[in-house]
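Undergrad: My questions will all concern the structure given below.
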Amino acid sequence: MKLLILAVIIATVNADDYCHGIYINDKYYNVDIIKEGVNKVHQIAYSSRDNTLYFTFEQLSDVPTRSLGYVNFNSEQTGIIEGVRNATGLAIDRSRNRVYVGGSDGLFFLNEATKVPEMLPVSQDIRYLFFKNVVYFVNNKRQAFKFDSGVVYTVDELSLVEVEKFVEDDDNNLLFLNKNNLFRVKLGTKAVNSHEKYVVSTIAADNFGKPYVSAKNGLYVYNKYKYVLDRISDKLTGLKALTFDMQNNPIYVVNDKIVRLIVNPIPCFGD
């Protein structure tokens, strides 16, 4: 009996000492800090074809300038891609491996071979991008549009509201942020539903169209059956940006760090 008790104590101590991961929805993840010291990241997007994370951030200078950076997970190479003034919005069409970038001068895409930005016929000051079948964007006036076949259209469902960020889920809902408040509207309608009790920093849809909401008191997913937010972690709070890799592992920004979570099949009982 004494040996058994001693073994339990040792196991508990080892778990506390060596388990530094995070549980999300009963899955245990190891924490991989990809990059530190990145100032004011605006948006991140992951390209599965070249295993690269793209991010827009503010460079420290006398005059703040927003730039486009990247980190390749295979080579660990990092760099800055020039050519988009005040790059802010980011989205990826994964079916074509096309990276879209929005900035002060409009909408661009990266040439896949050269990574040189090429301009598209959109000249608005873009602050946020989202891709689902077509490119959606939010301009500096908090107006939402979509770019389809060379033409810019208003997002009718969001035409009467101000928007900072939004995603489309797998159930024909648009979830959007305005001044850290979360709202929802069904496609084809303009009836806005509020989730205002949450103070929200960012939203993102995973590879299956499930909306994730980062709030002041945890990470949530939208439950389309109950029309509520279900908290899946109280450890991940106030994220600045969020996306998902090819295995649907979360990649996020907290403070000045870009972090990737990797599923660990061996659970930890010490956290």
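Undergrad: Given LYS165/LYS190; LYS141/LYS165; LYS132/LYS226; LYS132/LYS186, which pairs have Cα atoms separated by over 22 Å?
TA: LYS132/LYS226
Undergrad: Mind checking Rg over Rh on the range 39-154, alpha carbons, Kirkwood formula for Rh?
TA: 0.95
Undergrad: Place a point 7 Å from Cα of LYS186 in the direction of its Cβ. Which residues in the range 192-233 have their backbone N less than 16 Å from it?
TA: Within reach of a label on LYS186: 192-194, 223-228.
Undergrad: Within the range 50-102, report the trypsin sites (Lys or Arg not before Pro) that DSSP leaves as loop and that have at most 16 other Cβ atoms within 10 Å.
TA: Here the sparse-neighbourhood loop sites are ARG85, ARG94, ARG96.
Undergrad: Right, something else. Can you tell me the relative contact order of the chain? Whole percent, Cα pairs under 8 Å, sequence separation 6 or more.
TA: Computed value for the chain: 17 percent relative contact order.
Undergrad: To continue, here is another question. Quick one: what are the phi-derived ³J(HN,Hα) couplings along the range 163-171, Karplus 6.51/-1.76/1.60 with θ = phi - 60°, whole Hz, x for glycine and proline?
TA: Each residue's phi maps through the Karplus curve to give 9, 9, 9, 7, 9, 10, 8, 8, 9 Hz.
Undergrad: Would you be so kind as to identify which of PHE166, SER61, PHE108 lies farthest towards the positive end of the dipole of the chain, taking Lys and Arg as +1 and Asp and Glu as -1 on Cβ and the Cα centre as origin?
TA: Of the candidates, PHE166 comes out farthest on the positive side.
Undergrad: Relative to the first principal axis of the alpha-carbon coordinates of the chain, what is the inclination of helix 2-18, with its axis defined by its Cα atoms, in degrees from 0 to 90 and to the nearest 10?
TA: Long axis of 2-18 versus the principal axis of the chain: about 20 degrees.
Undergrad: Here is a further query. Are there any chymotrypsin sites (Phe, Trp or Tyr not before Pro) in the range 140-211 that are in a DSSP loop and have at most 13 other Cβ atoms within 10 Å? List them by number.
TA: Answer by residue number: PHE208.
Undergrad: Sticking with this structure for a sec: Collect residues whose amide H, placed 1.01 Å from N in the peptide plane, falls under 5 Å from the amide H of ARG127; neighbours closer than 5 in sequence don't count.
TA: When sequence neighbours closer than 5 places are left aside, the close amide H contacts are VAL138, ASN139, ASN140.
Undergrad: Moving on to the next point. With a cut-off of at most 13 other beta carbons within 10 Å, and DSSP calling the residue loop, which trypsin sites (Lys or Arg not before Pro) in the range 148-208 qualify? Please list them.
TA: Here the sparse-neighbourhood loop sites are LYS179, LYS190, LYS197.
Computed from the coordinates by the stated procedures, all read-outs in this text should not be read as laboratory data. If you're wondering where the values come from, they're calculated on a predicted model, not measured in any experiment. As a convention, Cβ positions derive from the backbone with ideal geometry for all residues, glycine included, and neighbour counts pool all protein chains shown.
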